[in-house]
Amino acid sequence: MLADQPVIDLDDTYRRLAHPWTREQLVARYQDAERRGDQLIASGYENESRPLPLVATAIPPSATMSVAIHVLHVLPDVRGDLPRQLLDTTEKNAAEALRRCHRALELDGEACGYSAEEWLPVVYDIAGPVLESASRTREPPTVVEQAQTAISWLSRVLVELDQDSPETPTALTETLACLLTVWVFTDLARERHRADDR
């Protein structure tokens with residue numbers, strides 16, 4: 001890759017993002033994000049027995065992810081290493097937040113008599129159409145909006161958990177769908193710049 005070329009082509013990434021996604025493809029991407037989150041999160045979080053602290057600890061990485069994805073969209077033509085750093089930051093923080101929220105869903109399910117696995121199809125059903133209709137020209141662009149919406153849902157999850165609400169799994173699945181959307185975008189962008197580096 002030439003040194004003066006941008007690392008990410010947002011238009012190309014959105015073109016590759018905006019197509020029908022099969023359940024199998026979304027499951028694979030979700031599992032990739034979970035594995036990455038496990039690698040990044042310091043040991044000990046899996047010993048947390050309450051979902052509320054896990055959701056609270058998902059807010060800082062979600063906020064960092066949102067800022068990075070926003071800057072990436074504001075400065076799409078910037079050259080040098082900044083786009084790669086922003087993608088790295090987004091990828092890391094999306095994976096951490098997704099893994100923490102997934103674990104919170106498992107814990108809430110154990111306490112309330114449902115399985116996290118039964119809610120994952122809802123995550124894919126929400127994320128699939130968002131990905132298929134993704135557009136850079138929307139205002140805000142789809143992925144920026146999803147990053148911002150993840151934080152809003154996280155705030156709602158905290159309230160639902162605090163009130164021991166039956167709406168907690170719904171709020172968590174909405175959050176997870178937003179995080180999955182950002183993860184898929186970042187993964188596609190990183191795939192392309194890895195190919196360009198060859």
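Any residue in the stretch 173-196 that is among the charged types (D, E, K, R) and at pLDDT 95 or above? So far as the stretch 173-196 goes, yes, one or more of its residues are among the charged types (D, E, K, R) and at pLDDT 95 or above. Considering the stretch 124-164, and only residues there that are hydroxyl-bearing (Ser, Thr, Tyr) and at pLDDT 95 or above, the residue that is nearest to Leu52 (Cα to Cα) turns out to be Ser155. Being closer than 24 Å to Ile69 by Cβ, part of a helix (DSSP H, G or I), out of contact with any Phe, Trp or Tyr (no Cβ under 9 Å at 6 or more places or on another chain) and among the aromatic types (Phe, Trp, Tyr) is a property that holds for Trp153. For the stretch 96-116, the candidate set comprises residues that are of a type in the set (A, V, I, L, M, F, W, C) and surrounded by 18 or more Cβ atoms within 10 Å (Cβ to Cβ); within that set, the residue that is nearest to Glu167 (Cα to Cα) is Leu105. I need the full set of residues from the stretch 90-110 which are free of Cβ contacts under 8 Å to residues at least 60 places away in the same chain, in contact with a helix residue (DSSP H, G or I) (Cβ under 6 Å, 6 or more places away or on another chain) and farther than 16 Å from Asp32 by Cα, in order please. Residues satisfying the conditions are Glu106, Leu107. Condition (residue is over 23 Å from Leu10 (Cβ atoms), in contact (Cβ under 8 Å) with a residue 24 or more places away in the chain and either part of a helix (DSSP H, G or I) or charged (D, E, K, R) (or both)) applied to the stretch 128-137: is it met by at least one residue? No, there is no match, as no residue in the stretch 128-137 is over 23 Å from Leu10 (Cβ atoms), in contact (Cβ under 8 Å) with a residue 24 or more places away in the chain and either part of a helix (DSSP H, G or I) or charged (D, E, K, R) (or both).
Any residue at all in the stretch 117-124 that's crowded, with 19+ Cβ neighbours inside 10 Å, touching an Asp or Glu at 6+ places or on another chain (Cβ under 9 Å) and in a helix (DSSP H, G or I)? Yes, there is a match, as at least one residue in the stretch 117-124 is crowded, with 19+ Cβ neighbours inside 10 Å, touching an Asp or Glu at 6+ places or on another chain (Cβ under 9 Å) and in a helix (DSSP H, G or I).
The values are calculated or read from the model by the stated rules, or taken from the named source; none is laboratory data. What you see is a predicted model; the values in this text were computed from it and never measured. No Cβ is skipped: glycine too gets one built from the backbone with ideal geometry, and neighbour counts run over all protein chains shown.
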